[in-house]
Amino acid sequence: MKRIVALFISFMLILTAAAFLPGCTEKKTNLKKIVLNEVTRSVFYAPLYVADSLGYFKDEGLELEIVTGGGSDASMTALLAGEADFALMGPETGVYVINEGKEDHPMIIGQLTKRDGSFLLGRESVDEFSWGMLEGKTVIGGRVGGMPYMTLMYVMHEHGLIPGVNVEVNSSIQFNLMGGAFEAGTGDFVTLFEPTATQLQNNGNGFILANIGLESGEVPYTAFMTSKKTIDEDPELVTRFIRAIARAQKWVITATDNEIAKAMQPYFPDTDIPTLEIVAKSYRETDSWMQTPVMTEEAFGRLLDIMDFNNVLTKRVDFSELVDNSFAKKVLKEIE
């Protein structure tokens, strides 16, 4: 009996000692978990993924979880429902919410991209593309009222293409299903973000013909939003979030295409580094990424112009009613 008791005591001493050995206990952190709902997963949003992979959010004491909404409406719904702390989506969604009469609407706290990030793809490679090639054809163009759809309408109008008259635009397909629908045989043309556009071209299922962003000009295309409640009750959280984004935007300016590709590769496990490097180079050369999170009133006005052109603007929204640049301006002074 004494031997059994001795063995039991020895066993418990071993367990107690093991608990203090490195790696034997669960690593505890003081990171605050936050959820960001992104409109879609795209290399277009590279600075966001860079901010996380390089540890900028962790430097701010934040553990970021990114949820892909599959459309600006879904991302806004998640933010309004309190399912996300922040959301990355088209600024037009905020305008819609205000025009619907919601006083407690989310606010834009930072801008990520400054032009449309989609590319027009066709089923055949052409030596010299012209927009007249779309006449009599069908284009998969995204959700009515969304920025991809509205910028496409704007560009087509500039080239004399009128939906329902000399071209058809299919707006019935969900944004994140457009590539698959095109591969399955729907439509003659489609607008897609990267890396989907390059992947389709590499697989021989489509050919990139035009850059929608270069055609449409500069516009605040994608921005970060959060609730007024978060701004009022936890302004330090907003500051930390935007600081991480601003640091990534600054890093991207001088980083090589290969460095950017490697930094965001964990978010695109099915895409190889060479492909990511190509699309990073493309977005850099087209000046698609913001260098700071600060949105300008001039750019916001152009967004409203495009919405007005598409007949989806009930009334023009004042810049200060939707945009709060205070956090972005504050962190820029700190990281310069």
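The residue list GLU194, GLU124 contains one member that is over 17 Å from the mean Cα position of the chain (by Cα), in a loop (DSSP other than H, G, I, E, B), under 26 Å from LEU276 (Cα atoms) and outside the structural domain of LEU313 (by TED's automatic domain parsing), which is GLU124.
Within segment 291-335, work out how many residues are more than 20 Å from GLY217 (Cβ to Cβ), assigned to a helix (DSSP H, G or I) and touching a Gly at 6+ places or on another chain (Cβ under 8 Å).
Our first condition is that a residue be more than 20 Å from GLY217 (Cβ to Cβ); within segment 291-335, this holds for 293, 314-315, 317-318, 320-322, 324-335.
The next check asks that each one be assigned to a helix (DSSP H, G or I); those that pass are 320-322, 326-335.
Keeping just the survivors that are touching a Gly at 6+ places or on another chain (Cβ under 8 Å) gives 322, 327-328.
So the count comes out to 3.
Being outside the structural domain of MET147 (by TED's automatic domain parsing), without any contact (Cβ under 8 Å) to a residue 24 or more places away in the chain and aliphatic (A, V, I, L, M): is that true of ILE231 here? Spelling it out, it is not the case that ILE231 is outside the structural domain of MET147 (by TED's automatic domain parsing), without any contact (Cβ under 8 Å) to a residue 24 or more places away in the chain and aliphatic (A, V, I, L, M).
Count of segment 138-191 residues, restricted to those that are part of a helix (DSSP H, G or I) and touching a residue at least 12 places away in the same chain (Cβ under 8 Å), is 19.
Of the residues examined, ILE273 is one that is closer than 24 Å to LEU54 by Cα and either assigned by TED's automatic domain parsing to the domain that holds ASP52 or under 17 Å from the mean Cα position of the chain (by Cα) (or both). Summed over segment 245-263, the residues that are surrounded by fewer than 23 Cβ atoms within 10 Å (Cβ to Cβ) and within 18 Å of ASP59 (Cα to Cα) give a count of 4.
The values are calculated or read from the model by the stated rules, or taken from the named source; none is laboratory data. Please read these numbers as outputs of a predicted model, since none were measured by experiment. In this analysis, Cβ positions are derived from the backbone assuming ideal geometry, glycine residues included, and neighbour counts consider all displayed protein chains.
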